[in-house]
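Bear in mind these aren't lab numbers, they're just calculated from the coordinates by the rules spelled out. Worth saying up front: this structure is predicted, and the values here are computed from it rather than measured. FYI the Cβ positions are ideal-geometry reconstructions off the backbone, even for glycines, and counts take in every protein chain you see.
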Amino acid sequence: MSQQVIVPAVRTNNITYAVRDIMLIAAEAAKSGKEMLYLNIGDPNIYDFEPPKHLVEAAYKAMLENKNGYSPSSGIKQAIDAIEREANRKGIDNILDVFVTTGASEAIDICLTALVNEGENILIPTPGYPLYTAIQSKLMMYENPYYLDENNGWQPNIEDIKSKINDKTKAIVLINPNNPTGSLYSKEILLQIIDLALEHNLVIFADEIYDKLLYDGKKMLSIASLNKDVSCITFGGLSKNYMVPGFRIGWGVVSGRREILKEYLEAINRILRSRLSANHPEQYGIMPSLEGDQAHLAEALEKLTRRRNLTVEMLNAIEGISCVKPEGAFYAFPQLHMKHSDNHFVAELIRETGVVVVPGSGFGQVPGTQHFRIVFLPNEEILEKSYKKIGEFFKKYLDKHGN
C-alpha cells in the first residue's frame, strides 16, 4: 500500500517562537567551540536567581503528603483565596472568578479559545510577547497588531488602537510591564484604553506577570482596579516574580459586570473542566509566595537595577544603537539604526561573536524599524563582555554591508 505525506493543519503554518527558534543558529555556532553568551531566555534560574525557600518547601511538603492527584479544575481553595486577596491588594475588588492554570500561558490560551471565533481578531501589542500571535494562528484569527510608541517610552499608541478596532474585534491585550520593551504604562493611557473597551464592548486581557519587578520605586497600576464595569481578565503567576518558571503555575482573575460576562465565564470553565487541572502540589506554593516573606524580590531588584543601568549605558554608547530605559521586567529592546534585516544582523552576530539575542521581528515592530531583544538577567561581567562584542561587531557589520 502506498503512503502519502501527512499534511499538518493549516493553523500551524504561522506559529513561530523566536526566543527558542534562534537556538538553532546558536547550537550551530556552539559547535565551533566559541564561547557562547546567552542573552535570549527570560529564565532567572539559569543565572544567579533562586525562588524563596518557603515556596519550594510548601510544594515539596505537598508532594510528601501525596497531594499528587488531580486538583479541582479551577485550583485548590487556599490558592484561589490567596490569589483573590492579592488581587484585592492591587485594587481589584469586583472579582467574578479566579482560576489556576499551567502557567499564565495556559490561562491566556483558554481565555482566548473561549472568546474568539475563526475570522475574528484581538488587538495585540507590537512589540509584544509571541505567545499571543501563536495562539492567534492556532485559532485562525486574523492579525490585528497595534503599535507601542518608542518615542513615548513604548507606551501604547492610542490613536493607532482606535484605528484598528472593527466589528470583528473581541479583545485588547495589554502586557504591563511589557515584554520585550520593559515599559510600564501610565494611568492616563490605561484610562483611555478602558474608555475604548467600554465603548466597543471589548474584553481587556491584562498580562501582569512581571508586576513586582519594577525599578526606581515605580508603582504599577492594574487596569482592572481603575474601573468596576470594564470586562477584564488579569493574568499572573509564580514564574517571574517568584523565580519558578518550571513550576508552570499561573492564574486568571476575571472582573467586571456579571450580567455581561456570565456566558463567557461558563465557556472558560467548560474548558477548565475538560483539561482536568493544573499542576497540583505546586499550587500549595501560591499562598506562601504571595503572603510570605518577599525578601527575594529586594535582592533580585538590587541586582537587576545594576544590570539594567549597565545595559542602557553601554548600548546607548554604541553609535547607531539606541535603547529606551526599561521600567519593569528584565528585558531591553534596543533599536538598530540601519536598513538591513534584524534577522540577518542577529544571525551574523551569533555566528561571529557567540552573543545570543533575539531579533525584534520575533516580537513585532513598526515597519521599517529594526530591533533586538536583550535579557539582562546575566551578571555584569557577562553583560559587559556581550555589549563590547555587540559594539565591535555592529561597526564591522555596517562597514561590510553599509547603513
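Here are the numbers:
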{"read-out": "Given charges at beta-carbon only (K, R positive; D, E negative), |dipole| of the chain in Debye", "value": "500 debye"}
{"read-out": "HN-Hα J in Hz across the range 67-78 - Karplus 6.51, -1.76, 1.60, θ = phi - 60°, x for Gly and Pro", "value": "8, 10, x, 6, 9, x, 4, 8, x, 6, 4, 5"}
{"read-out": "Approximate spin-label separation E381-H337, in nm, with each point projected 7 Å along Cα-to-Cβ", "value": "3.4 nm"}
{"read-out": "Relative contact order (%) - criterion: Cα under 8 Å, at least six apart; region: the chain", "value": "25 percent"}
{"read-out": "Loop-located chymotrypsin sites (Phe, Trp or Tyr not before Pro) in the range 138-220 whose Cβ has at most 15 other Cβ within 10 Å (DSSP)", "value": "Y142"}
{"read-out": "Those lysines that a straight Cα-Cα span of less than 26 Å connects to K138, excepting residues fewer than 8 apart in one chain", "value": "K162, K164, K168, K170, K240, K262"}
{"read-out": "Helix-only [θ]222 nm of the chain, DSSP H runs n ≥ 4, -39500 (n - 2.57) each, per residue, nearest 500", "value": "-12000 deg cm²/dmol"}
{"read-out": "Projected label distance in nm at K218 and R257, using a 7 Å step from Cα toward the beta-carbon", "value": "3.3 nm"}
{"read-out": "For Q155, distant residues with modelled amide H under 5 Å away", "value": "D149"}
{"read-out": "Tensor-based shape of the range 183-258 (alpha-carbon gyration tensor, a/c under 1.5 rounded, otherwise prolate or oblate)", "value": "oblate"}
{"read-out": "Rough spin-label spacing in nm, given labels placed 7 Å along Cα→Cβ, for K325 and S32", "value": "3.7 nm"}
{"read-out": "Net charge of neighbours whose Cβ lies under 14 Å from the Cβ of A197, counting Lys and Arg as +1 and Asp and Glu as -1", "value": "+2"}
{"read-out": "Within the range 49-84, backbone nitrogen closer than 17 Å to the virtual label 7 Å beyond the Cα of L297 toward Cβ", "value": "50-56, 82-84"}
{"read-out": "For the range 103-160 versus the range 256-282, the gap between their alpha-carbon centres in whole angstrom", "value": "20 Å"}
{"read-out": "Potential extension, T305-K388 segment - 0.36 nm per residue separation minus Cα distance", "value": "27.9 nm"}
{"read-out": "Cleavage-rule hits, trypsin sites (Lys or Arg not before Pro), the range 71-176, DSSP coil, Cβ neighbours within 10 Å at most 14", "value": "K168"}
{"read-out": "Length gained when the stretch I15-L226 is fully extended (0.36 nm per residue, less Cα-Cα span)", "value": "72.5 nm"}
{"read-out": "Under Karplus coefficients 6.51, -1.76 and 1.60, residue-wise ³J(HN,Hα) of the range 38-53 in Hz, glycine/proline x", "value": "8, 10, 10, 10, x, 10, x, 6, 8, 10, 9, 10, 9, x, x, 4"}
{"read-out": "Segment D48-E65, extension gain: residue separation times 0.36 nm, minus the distance between their alpha carbons", "value": "3.1 nm"}
{"read-out": "Simple Cβ-charge dipole of the range 53-291, Lys/Arg +1 and Asp/Glu -1, about Cα centre, in debye nearest 20", "value": "660 debye"}
{"read-out": "Separation between Cα centres of the range 336-403 and the range 193-249, rounded to whole Å", "value": "30 Å"}
{"read-out": "Per-residue Cβ neighbour rank within 10 angstrom, fewest leading, I350, I260", "value": "I260, I350"}
{"read-out": "Coil-residue GluC sites (Glu not before Pro) of the range 12-109, DSSP, other Cβ within 10 Å capped at 12", "value": "E35, E65"}
{"read-out": "Those aspartates and glutamates that a straight Cα-Cα span of less than 15 Å connects to K34, excepting residues fewer than 8 apart in one chain", "value": "E348, E352"}
{"read-out": "Contact order normalised by residue count of the range 53-291, Cα under 8 Å, 6+ apart, percent", "value": "33 percent"}
